[in-house]
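Have a look at the structure that comes next, please.
The values are calculated or read from the model by the stated rules, or taken from the named source; none is laboratory data. In this text the structure is predicted, and so the values were computed from the model without any measurement. No Cβ is skipped: glycine too gets one built from the backbone with ideal geometry, and neighbour counts run over all protein chains shown. The protein model used for the area step is the full one, side chains on, heavy atoms only, and it has no ligands, DNA or RNA in it. Shrake-Rupley method; radii C 1.70, N 1.55, O 1.52, S 1.80 Å.
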Amino acid sequence: MKLTMDLAKKIVKNTMDVLGKNINIMDYNGIIIASGNQERINMYHKGAAEVVKTGKMVIIKDKDIAGFKGVKPGINLPIRFNEQIIGVVGITGDANEVAGYGEIVKNMVELILQQEFLRREIEAENKACENFFQQLLSNSIKSKELLVDRAKLFDLTLDLARVVIVIEIHPIDNKLLTEQIRILDTFLRLNKKEDIIFSRGDNLILVKSFSKDNNIENYYEYTKKIINKILDRFNEIFDSVIIGVGQRVSELEKLYISYQGAKHALKVGKKVYSNHENNIFFLDHLGYDYFLPYIDKEEGLYFLHHLLGNNIIEVFENVDLGELIEALVENDLNISKAADSIYIHRNTLIYKLNKINEITGLNPRSAKDLFTLLIAYHLYLYQ
């Protein structure tokens, strides 16, 4: 392990906070790379060079300063990692006073190095696992054998049910997002073995696993609970949070299908339901809206003009068609309940429905015509 300047600064800060004495960290060449005294950084320390050469502690007293270049009174000890000297730690002060701290500081520094090494190992493993999931979402692993080997390497279950959740956040703040990923990992109580959360492009990706005995109803409820926890947290931090949830897949190699589904749900939901308070869109709940992105734009425009002629703007914006027909759909064509749901008088709703019938030739109180108008409205929103 290499003793870098950043790591040395971290060691100096942590050690000085405990000890209350000035600490210097020298690299293998005897150069001071971190110190409580900033003026000494990058200076050559002859005492440290002697420690590296002999592997032994070097004590420097006031009377010894003339014989050592770039030193002050104190004690200097070797820093060992995996039985190799990688640097030197020095404690500035009267040799008799600081000598008692020597082994304590040396052990503290080596413990910090061990912790840092373990942290980097964990980060490297997590990054490798994240890269594997990035490849799964891209469907770029074409060899079944390679996929199985990589899954075994990260101890992942191949046939476990999983779903991909795509979280779109505005404004994007990569530093803040990185902090939130670390927090969410614990906050959501994710399955450390099978679940993962990471950023992909401008979005946040959560891959959530489910036990094999989870039925569809439990799956939806559990997923909603997780998403609501995310929304509760993120709505206080970001201006806009929109979430798409893909279909549940039972094989690891098909995870990309759930990812594509989550993006599809997000894309449709943002356009068609932009005025709704609910910003969670399940692919499985899109219904007929699922097909909107697959309708050719020219074909869609033809359908709208054929149906409504030149009255598109009047019908969809001036007559409030969308609010009216969605109220009817949600209330099973019950005029009174629909009127109550949008806070207008029943007679006012009847008048507006008659106006729509007059303009379009379609009767919103007829199930067939209502569905045609609803499709037209959602197509208008999407395109």
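What three numbers, in Å, describe the spread of the alpha carbons of the range 31-70 along their principal axes, ordered from the longest?
For the range 31-70, the Cα extents along the three principal axes come out at 25, 23, 14 Å.
Please report the orientation-averaged projected area of the range 109-154, defined via the convex hull of its C-alpha atoms, in nm².
3.4 nm²
Answer with one residue from Pro293, Tyr28, Leu283: the one whose Cα lies farthest towards the positive end of the charge dipole of the chain, charges on Cβ with Lys, Arg +1 and Asp, Glu -1.
Tyr28
Right, next: Could you look at the chain and say what percent of its accessible area is carbon and sulfur, using a 1.4 Å probe and all protein chains?
49 percent
Probe of 1.4 angstrom, ligands and nucleic acids ignored: what's the accessible area per residue over the range 284-372, in square angstrom?
Per-residue accessible area for the range 284-372 comes out at 61 Å².
Need one value: the accessible area of Tyr302 in square angstrom, 1.4 angstrom probe, rounded to the nearest 10.
140 Å²
Multiply the residue separation of Ile104 and Lys127 by 0.36 nm, subtract the distance between their alpha-carbon atoms, and state the gained length in nm to one decimal. Show your work: numbers first, answer last.
Values: separation 23, 0.36 × 23 = 8.28 nm, distance 3.42 nm.
Gain on stretching Ile104 to Lys127: 4.9 nm.
Between the range 3-32 and the range 81-152, what is the separation of their alpha carbon centroids in Å?
18 Å
Now for a different question. Just to verify a number: FRET efficiency for Phe291 and Met5, C-beta to C-beta distance, R0 = 56 Å, to 0.05?
Efficiency computed from Cβ-Cβ geometry: 0.45.
Right, next: Dipole size in debye (nearest 20) for the range 1-137 around its Cα centre, Lys and Arg Cβ +1, Asp and Glu Cβ -1?
Dipole size: approximately 400 debye.
For Lys337, go through the lysines and keep the ones whose alpha-carbon is under 25 Å away, minus same-chain ones fewer than eight residues off.
Filter leaves Lys352, Lys355, Lys368.
For the range 277-383, how big is the tail of P(r) above 19 Å, as a whole percent of Cα pairs?
Of the Cα pairs, 45 percent sit more than 19 Å apart.
Picking from Ile356, Leu113, Leu266, whose Cα lies most toward the positive end of the charge dipole for the chain (charges on Cβ: Lys, Arg +1; Asp, Glu -1)?
Value computed over the given set: Leu113.
Moving to a separate point now. Quick one: Cα convex hull volume of the chain, Å³ per residue?
Details: hull volume 79.5 nm³, N = 383.
Spelled out: Cα convex hull of the chain, divided by residues, is 208 Å³.
Give the lysines reachable from Lys53 as a straight Cα distance under 17 Å; neighbours fewer than 8 places away on the same chain don't count.
By straight Cα distance, Lys53 reaches Lys69.
Check the straight Cα-Cα distances from Lys229 and name the aspartates and glutamates below 17 Å, setting aside those fewer than 8 residues away within the same chain.
Glu168, Glu179, Asp185, Asp195, Glu221, Asp239, Glu277
Continuing with this model, one more query. Can you flag which of Lys13/Lys193; Lys10/Lys152; Lys192/Lys263 are past 29 Å Cα-Cα?
Distance filter (> 29 Å) returns Lys13/Lys193; Lys10/Lys152.
Right, something else. Please go through the residue pairs Lys127/Lys208; Lys21/Lys56; Lys208/Lys254; Lys270/Lys297; Lys267/Lys297 and name each one whose alpha carbons sit more than 20 Å apart in this structure.
With Cα atoms farther than 20 Å apart: Lys21/Lys56.
Further, regarding this structure: What residue among Val148, Val98, Val272 shows peak mean-square fluctuation when the chain is described by a Gaussian network model with Cα springs under 10 Å?
Val98
How much accessible area per residue does the range 1-81 have, counting only protein heavy atoms and a probe of 1.4 Å, in square angstrom?
Heavy-atom SASA per residue in the range 1-81 reads 52 Å².
Tell me, what is the percent relative contact order of the chain, built from C-alpha pairs under 8 Å that lie six or more residues apart?
10 percent
Can you tell me the dipole magnitude for the chain around its Cα centre, using point charges on the Cβ only (Lys, Arg +1; Asp, Glu -1), in Debye to the nearest 20?
The calculation lands at about 1440 debye.
Sticking with this one: Compute the long axis of helix 174-187 from its Cα atoms, compare it with the longest principal axis of the Cα atoms of the chain, and write down the angle in degrees, 0 to 90, nearest 10.
Tilt relative to the chain: about 90 degrees.
Let me ask something else. What is the angle, in °, between the Cα long axis of helix 321-330 and the longest principal axis of the Cα atoms in the chain? Nearest 10 is fine, range 0 to 90.
Compared with the principal axis, the helix lies near 90 degrees.
Could you give the length gained by full extension between Ile257 and Glu97, i.e. 0.36 nm per residue of separation minus their alpha carbon distance, to one decimal place?
Working it through step by step, the gained length comes to 50.9 nm.
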